[in-house]
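The values are calculated or read from the model by the stated rules, or taken from the named source; none is laboratory data. If you're wondering where the values come from, they're calculated on a predicted model, not measured in any experiment. Because the Cβ atoms are built from the backbone with ideal geometry, glycine has one as well, and the counts that use them run over all protein chains shown. These area figures cover heavy atoms from the full protein model, side chains too; ligands, DNA and RNA do not enter into them. Shrake-Rupley method; radii C 1.70, N 1.55, O 1.52, S 1.80 Å.
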Amino acid sequence: MELIVALGLIVFKVAFLIAILLLLPLPLTWLERKIAGHIQQRMGPMRVGWHGLLQPVADGIKLLTKEDHIPAEADRFLFKLAPILALAPPFVVFVAIPFGESISVLGAEITLYVSNMNVALLFVFAVIGIEVYGVIFGGWAANSKYAVLGSLRTCAQMISYEIPMGFAVIGVVMLAQSMSLLDIVRAQTDVWNIVYQPVGFFVFFVAGLAEAQRIPFDLSEAEGDLGAGFHTEYSGIRFAFFMVSEYAIVLLVSVLVVILFFGGWNGVLIPLPPLLWFVLKVAFFVYVFIWFRFTFPRYRYDQLMAIGWKVLLPLSMANIIITGILLGAMAAP
């Protein structure tokens with residue numbers, strides 16, 4: 001009986017996570033448009049519902065009922081597979097993400113994570129790397145010049161920024177002596193890692209912006225020179241898959257920033273519930289993602305590559321060396 005209850009609880013957690021991630025674009029698209037409007041001194045969505053609250057619902061209905069067009073010269077199998085490959089990895093990764101320790105429901109302790117992996121950080125980086133295949137296949141299968149250019153840009157960009165992104169978290173792992181995300185948060189009970197790892201945070205966050213393909217690093221879908229980049233030929237529900245994937249990665253990077261550098265659900269000064277602390281921190285970084293989009297201009301492609309290889313990679317490697325030296329000096333008798 002206990003096994004059935006445990007399996008049922010895991011199924012419920014997974015279903016709840018999937019539902020949250022699938023519905024995520026509804027509030028985030030509305031928030032993004034509203035924030036953009038206020039930044040640009042205009043109102044944003046106002047017509048569909050109160051203050052445009054129903055605009056995302058209207059957009060969802062539009063995408064669901066739009067014609068599902070596949071170009072005549074496209075590779076039909078890869079064209080259909082690409083949105084799934086882009087959408088699945090960000091969803092799978094959340095299996096290893098903890099949102100807190102545990103809560104008590106009707107006398108039973110329920111953990112706020114699906115799985116506590118001892119190599120959770122490694123699992124996250126391994127799975128999220130697969131997402132690039134969806135973008136590459138989407139651009140290649142469409143047999144369109146704009147789409148192919150967008151997918152090739154994405155491939156080079158994600159490889160260039162995944163390396164410093166991975167190096168940026170090594171300092172955190174050295175401090176926590178673990179790759180378990182739960183252990184990393186527990187190690188920040190007294191002092192958050194942002195105090196010890198400001199350079200690691202800077203590198204990780206900038207690389208996260210590039211991984212999410214958000215301005216100023218959205219070269220893969222630059223409207224000015226590529227139409228819409230790798231998903232130029234997509235419409236309807238397949239385009240919606242790419243959009244959901246982008247928002248899921250924004251949420252994932254925000255969650256990882258909070259867990260790795262800002263104490264996870266550990267609070268300061270104000271005695272709030274741990275889960276509320278976690279949600280507030282994540283919401284702040286999601287806002288920062290949106291804020292950056294309407295603040296910074298898009299980099300040229302040579303600038304994009306230069307930042308990844310000439311700035312972030314040396315910084316991340318220097319951070320590892322300095323962290324190792326300081327930890328060694330502190331451990332010495």
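On a full-extension model of 0.36 nm per residue, what is the gain between Ile110 and Phe284, subtracting their alpha-carbon distance, rounded to one decimal in nm?
Taking Ile110 through Phe284 to full extension adds about 60.0 nm, to one decimal.
Under a point spin-label approximation (7 Å from Cα along Cα-to-Cβ), what is the Leu22-Ile103 distance to one decimal in nm?
2.2
At a probe radius of 1.4 Å, what is the per-residue accessible area of Val119, in Å² to the nearest 10?
60
Determine the per residue accessible area of the chain with all protein chains present and a 1.4 angstrom probe, expressed in square angstrom.
Ligands and nucleic acids excluded, the result is 50 Å² per residue.
Accessible area, 1.4 Å probe, largest first: how do Tyr161, Tyr113, Tyr301, Tyr287 sort?
Result, largest first: Tyr287, Tyr301, Tyr113, Tyr161.
Counting Lys and Arg as +1 and Asp and Glu as -1, what is the net charge of the other residues whose Cβ lies under 15 Å from the Cβ of Pro89?
Combined, the nearby Lys, Arg, Asp and Glu give -4.
Largest first and in whole Å, what are the equivalent-ellipsoid semi-axes of the chain based on the Cα gyration tensor, each being the root of 5 times an eigenvalue?
Output for the chain: semi-axes of 33, 26, 20 Å.
Can you pull the percent of the chain's accessible area that's carbon plus sulfur, 1.4 Å probe, other chains left in place?
72
Per DSSP H run of at least 4 residues, take -39500 (n - 2.57); add these up for the chain, divide by its residues and hand me the 222 nm value, nearest 500 deg cm²/dmol.
Helices in the chain give a 222 nm mean residue ellipticity of -20500 deg cm²/dmol.
When all protein chains stay in place, what accessible area (Å², nearest 10, 1.4 Å probe) is found for Phe262?
Accessible surface of Phe262 is approximately 40 Å².
Report, in debye and to the nearest 20, how large the dipole of the chain comes out about its Cα centre when Lys and Arg carry +1 and Asp and Glu carry -1 on their Cβ.
With only Lys, Arg, Asp and Glu charged at Cβ, the dipole is about 620 debye.
For Trp192, tell me the accessible area in Å² from a 1.4 Å probe, rounded to the nearest 10.
50
Which sequence of Met317, Met243, Met165 reflects their accessible areas, 1.4 Å probe, from the largest down?
In descending accessible area the options line up as Met317, Met243, Met165.
Can you sort Asp59, Asp302 by 1.4 Å-probe accessible area, starting with the largest?
Ranking Asp59, Asp302 by accessible area, largest first, yields Asp302, Asp59.
Measure off 7 Å from each Cα along the Cα-to-Cβ vector at Ala156 and Val92, then give the distance between these two points in nanometres to one decimal.
Here the answer is 2.8 nm between the modelled labels.
Mind listing the phi-derived Karplus ³J(HN,Hα) values for the range 180-195, rounded to whole Hz, using 6.51, -1.76 and 1.60 with θ = phi - 60°, and x for any glycine or proline?
Ordered by residue, 3J(HN,Hα) equals 7, 5, 5, 5, 5, 5, 4, 5, 9, 4, 8, 10, 6, 5, 4, 5 Hz.
Quick one: if the Förster radius is 25 Å, what FRET efficiency do Ala58 and Phe292 give, using the C-beta to C-beta distance and rounding to 0.05?
For Ala58 and Phe292, the calculated efficiency is 0.40.
Which of Val114, Val93, Val105 moves most in a GNM of the chain, Cα contacts under 10 Å?
Val105
Using Cα-only point scatterers and the Debye equation, what is log10 of I(q)/I(0) for the range 216-329 at each q in 0.12, 0.20 Å⁻¹, rounded to two decimals?
Listed by q, the Debye log ratios stand at -0.68, -1.20.
Quick check: convex hull of the Cα atoms in the range 64-184, volume per residue, rounded to a whole Å³?
129
Can you pull the Kirkwood radius for the range 262-315, inverse mean 1/r over Cα pairs, to one decimal in Å?
13.9
Using Cα-only point scatterers and the Debye equation, what is log10 of I(q)/I(0) for the range 42-99 at each q in 0.17, 0.27 Å⁻¹, rounded to two decimals?
Here log10 of I(q) over I(0) equals -0.86, -1.02.
Taking Rh as the Kirkwood radius, which is the inverse of the mean 1/r over Cα pairs, what is the Rg/Rh value for the range 1-141?
Dividing the radius of gyration by the Kirkwood radius yields 1.06.
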